[in-house]
Amino acid sequence: MVIKRTFILGNHDMKRILYITLAFIATYILLMGMLLMLQKKLIFLPKLLPQDHQFQFDKPFEEVFLKGENAMINALFFKTSMESKGVVLYFHGNADNLQRWGRYQADFTSRGYDFFAIDYQGFGKSTGSLGEENMYADAQLAYDWVNERYLTSDIVIYGRSLGTGVASYLATQQDAKMLILETPFNNIKGAMEYRWYCPRILFELDYQFPNDEYLPQIDYPIYIFQGTDDQIVPYRSAEQLLPLLKKDDHFFTIEGGKHKNLNTFEEYYEHLNRILNQ
């Protein structure tokens, strides 16, 4: 014998469901509003440096200033002690300044490449204003500087984290030997959605950095490094770029890799050695 039970929600239950639904909607609207207002502070975390700051590194370097239309861009240039194979044009992440990022020169100068890195407008000693379009302009200034000294076939464009958006954009505009992206995202909106497990962001952000739009426009080799335990740019965000790669491009997954430690993995260097020795 089957007994059917029918549950009828009373007025109290209906009101409770309505209140919960309204509370959820209100919370979502509040969070989206905060995101809209604070997006610049969430995306850009620069540290300014006084103009008389003396950089300290354990290798010789040259400090360079590039004159832009509305800004002076500070840069560092390191020469390899080996016979040079070319230059790595390095675009760093969203925080700090060249005092931190300059130390990554060792990963490339030790492999026979010179190293040139800039601080974007509003970072370090660079003047000007924070902004996506300004960063693209800064990248072009940096490319022009290295292209006066190296063949395009000897230029490696390298982007890390937020700098992957800058590097990818530049690669759509200029020829190079290859493009290397470390901890990239599909685009800023997608990265935020995956990072915070939030529902789809229903409005356009002021900043895009759309790697997913840029990569299909690049006709030379692309190499991507991403860690599976990245809590800043979730692996799922970077993984959206995989279908956009050409047949001979490569997406290297570093198991257990986080956002700031891929260069502590032997696997990272094995792939980097092979790429840079081509």
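Things worth noting here:
- Close amide H partners of Phe252, meaning residues 5 or more places away or on another chain with modelled amide H under 5 Å apart, are Ile224, Phe225, Gln226.
- Distances between placed amide hydrogens fall under 5 Å for Tyr120 paired with no residue 5 or more residues away or on another chain.
- Between Ile180 and Ile157, Tyr158, Gly159, Tyr223, the built amide H atoms are under 5 Å apart, and every one of these is 5 or more places off in sequence or on another chain.
- Pair Arg149, Glu266: separation of 7 Å Cα→Cβ label points (nm): 3.5
- Gyration tensor verdict on the stretch 41-140 (Cα atoms; rounded if a/c is under 1.5, prolate if a/b is larger than b/c, oblate otherwise): prolate
- If you sort the three axes of the alpha carbon gyration tensor as a ≥ b ≥ c, you get a/c of 1.5 or more for the stretch 230-278 and a/b no higher than b/c, which makes it oblate.
- Of the chymotrypsin sites (Phe, Trp or Tyr not before Pro) found in the stretch 42-114, those that fall in a DSSP loop while having at most 15 other beta-carbon atoms within 10 Å are Phe55, Phe57.
- Length-normalised contact order for the stretch 201-267 - Cα pairs under 8 Å, 6+ apart - percent: 37
- Relative intensity of the stretch 46-276 on a log10 scale, I(q)/I(0) at q = 0.10, 0.14, 0.17 Å⁻¹, equals -0.42, -0.86, -1.31, per a Debye sum over C-alpha point scatterers of equal strength in the absence of solvent.
- Label point distance in nm, Glu62-Gln231, each placed 7 Å from Cα along Cα→Cβ: 4.2
- Those lysines that a straight Cα-Cα span of less than 24 Å connects to Lys79, excepting residues fewer than 8 apart in one chain: Lys59, Lys67, Lys125, Lys177
- Measuring nothing but how far apart in sequence close Cα pairs (under 8 Å, 6+ apart) lie, relative to its length, the stretch 46-276 scores a relative contact order of 15 percent.
- Using R0 = 30 Å, the C-beta based FRET efficiency linking His250 and Asp52 works out to 0.10.
Values quoted throughout were computed directly from the atomic coordinates according to the rules given, and no laboratory measurement underlies them. Since the structure is predicted, the reported quantities are computational estimates derived from the model, not experimental observations. We place every Cβ from the backbone using ideal geometry, glycine too, and count neighbours over all the protein chains shown.
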